[in-house]
Amino acid sequence: MQTQNKIRVVIVTANALRHHYVANRLIENFDVVGIVSEVKRSLNTGNTVQENEIINAHSRERDTKEREYFGKDANFNLSEATIKRVPYGGANSPEVFNWIKELKPDFIALYGTSLIKDPLLSAFENKIINIHLGLSPYYRGSSTGFWPLVFNEPECVGATIHIATSKVDAGSILSQVRPTMIEKDCSHDVGNKTIISAVATLIKCVPPYLERKINPQPQRLDIGKVFKKKDFNANAVLKMKENFNNGMIRDYLVNKINRDSLYPIVKF
């Protein structure tokens, strides 16, 4: 049996505090032999000064909460010589592909990157594992921890650990998890708690998956909602805030068991 700290991992992620946090938890639990860090894209801008201010305020609130949760992870806890820093989309470059191949990882962990494509997908088929901050197939694509809160469905907030494929967030699922919410949580508390739960779930389920003790569950792709980055806008931010002000989390927690049961998830 391959012990957890002997499993060779390459992490492909971005460069914000939350990405450092996830990478550093993986470094503590696996033999991380390299990190590809893409520059993170910013949120959409609005069409007016007022819309821009709404979006910028949302971003500032997120950054403040990230510092509260992940401020101790200001850097990747790995030698700079083992980190390849690239622009957004750079994880798909021939240079990065060759670099990862030479490292010979047992698996590649994805979190918060641009869409990974061939030849990397083919070369590491079924060994690229994505942390998707959404409960697939109910919410797929971009900002999928945000949109359930716009649609008043906090039961659809969570993380999906799945095999990366060419289709967005469509690969077979190893495990899923919902964060533990409390009534006073804001959207960014919920999001950060999801991240913490997500990386813990990946750490737990990857070793048995590599030992073929987990059979990933195919997704139904005929249900659910798919969002693109361009869908994010100021009106959605305002609607989400209105839901929180109207007691969305309180109402969910009162009827949590029944509401969760309407959206079953895969648990390892």
- Note on the structure: Packing-ranked peptide list from 52-59, 151-158, 27-34, highest mean Cβ count within 10 angstrom first, is 151-158, 27-34, 52-59
- Note on the structure: Counting only residues 5 or more apart in sequence or on a different chain, those whose built amide H sits under 5 Å from that of Val86 are Ser37, Glu38, Val39
- Heavy-atom accessible area of the chain with neighbours in place, 1.4 angstrom probe: carbon+sulfur share in percent works out to 50 percent
- When all Cα-Cα pair distances of the stretch 81-135 are considered, the percent exceeding 14 Å is 55 percent
- Item | Cα-Cα pairs of the stretch 28-148 separated by more than 23 Å (percent) | 44 percent
- Message: Give me the percent relative contact order of the chain, please, defined on Cα pairs under 8 angstrom at least 6 residues apart.
- Response: 21 percent
- Query: If the chain between Asn126 and Leu43 were fully stretched, how many nm would it gain, using 0.36 nm times the residue separation less the Cα-Cα distance?
  - Reply: 26.8 nm
- Kirkwood Rh in Å, taken over all unlike Cα pairs in the stretch 38-102: 14.8 Å
- Message: Let me check I have the definition right: for the stretch 83-195, take the eigenvalues of the Cα gyration tensor, multiply each by 5, take square roots. What are those semi-axes in whole Å, largest first?
- Response: 29, 14, 12
- Tell me, what HN-Hα J-couplings in whole Hz come from the Karplus equation 6.51 cos²θ - 1.76 cosθ + 1.60 at θ = phi - 60° for each residue of the stretch 111-122, using x for Gly and Pro? 7, x, 9, 5, 5, 7, 10, 5, x, 4, 4, 6
- Can you give me the three principal axis dimensions of the chain from its C-alpha atoms, in Å, biggest first? 52, 41, 35
- Rounded to the nearest 10 degrees, what's the angle between the helix 17-29 long axis and the longest principal axis of the chain, both from Cα atoms, 0 to 90? 40 degrees
- Item | For the stretch 175-268, convex hull of alpha carbons as volume per residue, Å³ | 133 Å³
- For the stretch 165-221, what is the Kirkwood hydrodynamic radius in Å, using each pair of distinct C-alpha atoms? 13.1 Å
- Task: Give me the distance in nm between label points sitting 7 Å out from Cα along the Cα-to-Cβ direction at Cys186 and Val254, one decimal.
- Result: 2.5 nm
- If the cut-off is 16 Å between C-alpha atoms, which lysines fall inside it for Lys40, apart from same-chain ones fewer than 8 positions away? Lys84, Lys228, Lys229, Lys230
- Task: At 7 Å along the Cα-to-beta-carbon direction for both Lys239 and Gln50, put a label point, then send me their distance in nm to one decimal.
- Result: 1.8 nm
- Convex hull around the C-alpha positions of the stretch 104-143: the volume in Å³ per residue is 82 Å³
- Counting other Cβ atoms within 10 Å, which trypsin sites (Lys or Arg not before Pro) in the stretch 37-90 have at most 11 and lie in a DSSP loop? Lys72
- Query: Helix 94-103: angle to the longest alpha-carbon principal axis of the chain, degrees 0 to 90, nearest 10?
  - Reply: 60 degrees
- Task: Over the chain, give the accessible area per residue in Å² for a 1.4 Å probe, as an integer.
- Result: 49 Å²
- Could you let me know the centre-to-centre spacing of the stretch 177-235 and the stretch 24-87, using Cα atoms, in angstrom? 17 Å
- Item | the chain: angle of helix 49-70 to the longest principal axis, Cα-based, in degrees nearest 10 | 60 degrees
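The values are calculated or read from the model by the stated rules, or taken from the named source; none is laboratory data. It should be emphasised that the depicted structure is a prediction, and the values quoted were computed from it without experimental measurement. For neighbour counting, all protein chains shown are included, and Cβ atoms are generated from backbone atoms with ideal geometry for every residue, glycine included. SASA here: full protein model, heavy atoms, side chains in, ligands and nucleic acids out. Shrake-Rupley method; radii C 1.70, N 1.55, O 1.52, S 1.80 Å.
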